[in-house]
Amino acid sequence: MPDDKFVMTTWHADEPISEALWFAGNCASHPDVELKQTVLLHIADEAKRDEMFAIYAASQIED
């Protein structure tokens, strides 16, 4: 698989969602390709799109 087609995933089952989303915005990177967007995939019994976007936005604000 070419490096520019590689997809990295992470698992944050034992962390608060805010920390997992902070990681997505601040630590996810690729050594060869500039990432231009963050994709969030939240698998749950109930859709919480607006709540997830709000938590993501709040997690990106530095204190």
> Which entry in (1) 1.30; (2) 1.23; (3) 0.96 matches Cα Rg over 2.2 N^0.38 Å derived from the coordinates of this structure?
Replying inline: (2)
>> Counting other beta carbons within 10 Å of each residue's own, what order do GLU46, GLU15 fall into, fewest first?
In response: GLU46, GLU15
>> Please list 3J(HN,Hα) in residue order for the range 21-28, calculated via the Karplus relation 6.51 cos²θ - 1.76 cosθ + 1.60 where θ = phi - 60°; whole Hz, with x for glycine and proline.
In response: 6, 4, 4, 4, x, 10, 10, 5
>> I need the phi-derived Karplus couplings for the range 42-51: 6.51 cos²θ - 1.76 cosθ + 1.60, θ = phi - 60°, integer Hz, Gly and Pro marked x.
In response: 10, 9, 8, 5, 10, 5, 9, 3, 4, 5
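Based on other C-beta atoms within 10 Å, arrange LEU35, LEU41, LEU21 from fewest to most. Spell out each step's value before the answer.
On the way: LEU35 10, LEU41 6, LEU21 23.
By the 10 Å Cβ count, ascending, the order reads LEU41, LEU35, LEU21.
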>> As an exercise, identify the trypsin sites (Lys or Arg not before Pro) in the chain lying in DSSP coil whose Cβ has no more than 14 other Cβ atoms within 10 Å.
In response: LYS36, LYS48
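Each reported figure results from applying straightforward, stated rules to the coordinates on display, with no laboratory input. On a predicted model such as this, the values are computed, not experimentally measured, just so you know. When we count neighbours, we look across all protein chains shown, and the Cβ atoms used for this are built from the backbone with ideal geometry, even at glycine.
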